[in-house]
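**Q** Before anything else, here's the structure in question.
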Amino acid sequence: MDRLKKIPGVQWRKIFDYRKMLTEPSLSGIYRYHELIGSIIPLDAIIYLGEGHTPVVAANGRLEQWAGIPFYFKNDGQNPSASFKDRGMASAFSYLNHLMATQNLETVLAVCASTGDTSAAAALYASYLMAGVKSAVLLPHGKVTPQQLGQPLGSGAKVIEIPACLMTV
């Protein structure tokens, strides 16, 4: 952090603005701010699926009136798995990608217990680490919609339904 503080804010703005013009996927989306988000992850390990490239939407007049100021929000429902969880999963699986390469890990089991967005995002990002990564999702039996069940299945995850009384998410 001390090293980052030595660079003036004006210089950081120039760096981030310059990266906006690049076509390098590893410096797109959330990793445009690589030094602030995942500086320990080498650029060649980053898994980028378009997360963070969601539109900024103006709040409606009623919300602005309630807040007392004009404001905007990110529509993260337009991330690759339709969830804001993609931002965290991009970091988690990029780091896992780095660990697999540097630690010579041949087989990894990525397990996630969730009722929806987290499992969809985890299964999606795990599917991009095909070599050696197996994905399993634990869902409470009878407590998820067909859509919530379909997302991890569509990404190739093994879905295991657990009796809801045994699972606390």
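The values are calculated or read from the model by the stated rules, or taken from the named source; none is laboratory data. Remember, predicted model here, so these are calculated numbers, not experimental data. Backbone-built Cβ (ideal geometry, glycine too); neighbour counts: all protein chains shown.
**Q** Looking at the stretch 82-107 only, could you name the residues that are at pLDDT below 90 and among the polar types (S, T, N, Q)?
**A** Within the stretch 82-107, Ser83, Asn104, Thr107 qualify.
**Q** Of everything in the stretch 56-102, what is among the aromatic types (Phe, Trp, Tyr) and in a loop (DSSP other than H, G, I, E, B)? Give them in sequence order.
**A** Across the stretch 56-102, the qualifying residues are Phe71, Phe84.
**Q** Another question, then. Quick test for you: out of Gly142, Gly116, Gly156, Gly150, pick the one residue that is small (Gly, Ala, Ser) and more than 20 Å from the chain's Cα centre (by Cα). First the steps, then the outcome.
**A** Values: Gly116 fails: more than 20 Å from the chain's Cα centre (by Cα); Gly156 fails: more than 20 Å from the chain's Cα centre (by Cα); Gly150 fails: more than 20 Å from the chain's Cα centre (by Cα).
Unique residue meeting the criteria: Gly142.
**Q** Any idea which residue in the stretch 1-53 is surrounded by the fewest Cβ atoms within 10 Å (Cβ to Cβ), counting only those that are of a type in the set (Val, Ile, Thr) and not in a loop (DSSP other than H, G, I, E, B)?
**A** Within the stretch 1-53, the subset of a type in the set (Val, Ile, Thr) is 7, 10, 15, 23, 30, 37, 40-41, 46-47.
If we keep only those that are not in a loop (DSSP other than H, G, I, E, B) too, we end up with 10, 15, 30, 37.
Numbers: Val10: 7, Ile15: 13, Ile30: 20, Ile37: 16.
Looking at residues that are of a type in the set (Val, Ile, Thr) and not in a loop (DSSP other than H, G, I, E, B), I get Val10.
**Q** Which residues, taken from the stretch 31-81, are under 24 Å from Gln103 (Cβ atoms) and under 15 Å from the mean Cα position of the chain (by Cα)?
**A** Residues satisfying the conditions are Tyr31, His34, Ile37, Gly38, Ile41, Ala45, Ile46, Ile47, Tyr48, Leu49.
**Q** Continuing with the same structure: Which of the numbered conditions does Arg62 fail, given that it passes all the others? Conditions: (1) closer than 22 Å to Ile40 by Cα; (2) charged (D, E, K, R); (3) exposed (fewer than 14 other Cβ atoms within 10 Å of the Cβ).
**A** Exception for Arg62: condition (1).
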